[in-house]
Amino acid sequence: DISKESPKTLEMYGAEPGKGSFANNCLLARRLVEKGVRFVQLYHEAWDQHTNLTHDLAENCRNTDRASAALITDLKQRGLLKDTIVVWGGEFGRTPMVQGGSDGRDHHPNAFTMWMTGGGIKPGARIGETDDLGFNVVKDKVHVHDLHATLLQLLGFDHTKLTYKFQGRNFRLTDVSGNVVPALIA
């Protein structure tokens, strides 16, 4: 029941008790972390802007930026961020140019941006760089296996030893590759 939160907290998140919103979900995520829940996933749909990008992207940012910042601020103020890893990413990279003649962008696997904080992530670290168009990575590429290896290390696991059995053989979550990215670790 988020209505029991202080008016200041509700305002910080942009949360409205009784209404479904990403802001309410961020506040609920903080409460779950406070109660000891070990994994919380928040999902905001509607980022798949193949059309109407100018309007929809601005709307999505309004719906997520404030609440995401509030979640981090709130976790930090309560002493929970040091033991909580927050990872923010979309479902796919996006082309840096308009798709066809419409106001949208297509899926793009060559360059992708995400952010992380807390739980041993080095504050202020910026890893990777794209060309001037944002089309290809030109410096310090971090493969998804590297990201997973790093996150697993921060969670206390050696990604080369953490395996699961599938069809009679052991598999790693990072496949047969993946390197921890030391520059991401505080």
>> Can you list residues from other chains, or at least 5 along the same chain, whose modelled amide H is less than 5 Å from the amide H of Thr130?
In response: Val138
>> For the chain, take every pair of Cα atoms, bin their distances at 10 Å starting from 0, and report each bin as a whole percent.
In response: 8, 28, 33, 24, 7, 0
> Computed over the Cα atoms of segment 34-73, what is the convex hull's projected area averaged over all directions, in nm²?
Replying inline: 3.6
> Just by accessible area at a 1.4 angstrom probe, what is the order of Asp131, Asp1 from largest to smallest?
Replying inline: Asp1, Asp131
>> Just to confirm my numbers, what's the Cα centroid distance between segment 166-184 and segment 56-132 in Å?
In response: 24
> Looking at this model, which pairs from Lys4/Lys76; Lys82/Lys122; Lys35/Lys122; Lys4/Lys35; Lys35/Lys82 are more than 22 angstrom apart at the alpha-carbon?
Replying inline: Lys35/Lys122
> What aspartates and glutamates sit close enough to Lys19 to cross-link, taking a C-alpha to C-alpha distance under 20 Å and skipping anything fewer than 8 places away on the same chain?
Replying inline: Asp1, Glu5, Glu11, Glu45, Glu59, Asp65
>> If amide hydrogens are placed 1.01 Å from N in the peptide plane, which non-local residues have theirs closer than 5 Å to the one on Ile185?
In response: Lys122
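The values are calculated or read from the model by the stated rules, or taken from the named source; none is laboratory data. A quick note: this is a predicted structure, and the numbers were derived from the prediction, not measured. Side chains are part of the model used for accessible areas, which takes the heavy atoms of the whole protein and leaves out ligands, DNA and RNA. Shrake-Rupley method; radii C 1.70, N 1.55, O 1.52, S 1.80 Å.
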